[in-house]
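Worksheet: the structure to be examined is printed underneath.
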C-alpha cells in the first residue's frame, strides 16, 4: 500500500494508516492546504469538484467538499465527470479553482486529488510546494459558523464541454454526420460512458459502448495499452467497426484502434492530430521528451518548429504557452488543443480525429500508414541500495557530452534517427529508460545498451 505526496497533488491506495495510505485525514490535510493557498485571493471563493467512477470516489469527494465548506469556500459538485470537463467547468463558471478526484490509469484500489488553478489548469510547481509546506506545518484556518461555504450541484458541465468542442472551427460536424461512422468504445467502467456517448450522438455516429456500467470496478487494467485491449480488438474484427476508441477512467488519455482491429498506437494519437491541425493552423507543436519523434517529423513537414518539454502535463502546457504552440500533448494519448483549453482532453481528440478521417476520406489504417513509423521501447533499472540516480545520470552526461543531447529532464541522447531518454523516478529508486528507433528490435537494443551502461555506472 502506498501514499505519494507531490507538487501536483496526493495519490495513494485507499485504507490503512494516515500518512502511509490515502485516508480521510490525508484528504482533509491536502484539501485544507489547497484551500489555504486559494485563500490568498480576496472575496468569496468557489471550487469546482468532480470525480471518475472508481469505487472510493464518492467518499473522497464528500470529504474534500466538506473540508472546503469548513474553510468558508463555496463548492460546485459535478458528481461523476471527467478531468477535462472539470477543467472546462472552472473556466465556464469563472471559479477560483478545481479538484479532480481520480487516480487516472491506476488500478481501482488507488485514488488521488488533482488540483487546478482559476484557469482550469494544473497548479504550478511553486503552488504545489506552498501546499506541501502548509501541510507540514498544519497551518490551516477554518471558518466560523456564520462564514461556512455553500454547496451546490451542476448537471450540465459535460453538455457545455461538448458544445464548446462542436463549436471549434476544425471540428467538422456536418462532414462527420454525413460519414455515419460505426464506432466501438471501451469505457473501462468509468465516466467515458457519460461523456463519449453524448458526443458521438451529437456527431450522428452509430456506436456501441462496452465496459460502461459506471461501477468503478475496472474490466481490465485501465491503462490503454495493447495488452489490455484484446477484447475490443476482437470485436472490431468480428463486427466490422470503422474504428475503436479507448480512454482511461478520467477520460484525459485517448487511444484508437483501426478498422482491422490493429492498434493505431497511443503515441500516434497526437501525431495524427498534428497532421490534421497543422494543415489549417500554422505554429509550433510541443510534446515531452519521452514522446515519439514522429511529431517533430510532422511539424517539419509543414515547415513548423517542434519543441520538447520535461515529462508531465504541467510542463508541456508551460512550454506550449512559452512558444505559442497551436497543438501539443504527451505520447500517452494526451491531446492538448489550446483553442479549447490547456489540458489533456480525450473528447476533443475524438472529434478532431473523426474530422481528420472525413477531411482525408480515409480509413484508420490508411491514416496510420502515411505517418512516420517508429517504435518505442520502455525499460527501467532498479538501483542498488546506496546508489544515487542523479550521480549516475551525471556520469552519463559526462560520458556523452559530445553527443547531441537534452538535459531538461534527466538526459536525452539524440542519435541518427533514434534517441534514448533516461530519467529518475520521483517515487521509486529506479531510472526509467525510453528508447525509440525505426523498429522494435533496434529500439530494444538501444534501451538494453543503456540498461547495461547504467548498471555499470551505478556499481562503480
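We did not get these values from a lab; they are worked out from the coordinates using the rules stated. Please read all numbers here as calculations on a predicted model, not as lab measurements. When we count neighbours, we look across all protein chains shown, and the Cβ atoms used for this are built from the backbone with ideal geometry, even at glycine.
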Worksheet item: For the chain, what is the relative contact order in percent, using Cα pairs closer than 8 Å and at least 6 residues apart in sequence?
Response: 12
Worksheet item: Of the beta bridges DSSP finds with both residues in the chain, what % are antiparallel, to the nearest 5?
Response: 55
Practice prompt. Using per-residue counts of other Cβ atoms within 10 Å, averaged over each peptide, order 28-34, 309-315 from highest down.
Written response: 28-34, 309-315
Worksheet item: Taking Cα centroids, how far is segment 243-260 from segment 378-395 in Å?
Response: 34
Worksheet item: Which order do peptides 383-389, 277-283 fall in by mean Cβ count within 10 Å, highest first?
Response: 277-283, 383-389
Practice prompt. Taking the Cβ of each residue in 319, 150 as the centre, tally the other Cβ atoms inside 10 Å and list the residues starting with the fewest.
Written response: 150, 319
Worksheet item: Taking a point 7 angstrom from the Cα of residue 41 along the C-beta vector, which residues in segment 118-139 have backbone N less than 12 Å away?
Response: 118-121
Discussion item. If I stretch the segment between residue 363 and residue 144 completely, what's the gain in nm (0.36 nm per residue apart, minus their alpha carbon distance), one decimal?
Written reply: 72.7 nm
Worksheet, complete the sentence: To the nearest 0.05, the calculated FRET efficiency linking residue 441 and residue 201 through their beta-carbon distance, R0 being 30 Å, is 0.10
Worksheet item: If you stretched the chain out fully between residue 159 and residue 174, how much longer would it get, using 0.36 nm times the residue separation minus the C-alpha to C-alpha distance?
Response: 3.5 nm
Fill in: FRET efficiency estimate (nearest 0.05) - Cβ-Cβ, residue 302 to residue 405, R0 22 angstrom
0.25
Worksheet item: Looking at the square roots a ≥ b ≥ c of the eigenvalues of the Cα gyration tensor of segment 17-159, which shape do they give, rounded for a/c under 1.5, prolate if a/b is larger than b/c, or oblate?
Response: rounded
Fill in: Computed [θ] at 222 nm, deg cm²/dmol, the chain (DSSP H ≥ 4; -39,500 (n - 2.57); rounded to nearest 500)
-11500 deg cm²/dmol
Worksheet item: Which whole-number percentage describes the relative contact order of segment 160-369, with Cα contacts under 8 Å and a sequence gap of 6 or more?
Response: 21
Item to complete: Could you work out the relative contact order of segment 375-459, using alpha carbon pairs under 8 angstrom and six or more residues apart, expressed as a whole percent?
Response: 40
Response to the item:
Exposure proxy check on 253, 151, 432: fewest-to-most Cβ neighbours within 10 Å is 151, 432, 253
Response to the item:
Rounded to 0.05, the calculated FRET efficiency for the beta carbons of residue 384 and residue 448 at R₀ = 22 Å is 0.75
Discussion item. Using 0.36 nm times the number of residues separating residue 55 and residue 4, minus their current alpha carbon distance, what extension gain do you get?
Written reply: 16.4 nm
Fill in: Ascending count of other beta-carbon atoms within 10 Å, so fewest first, for 451, 316
451, 316
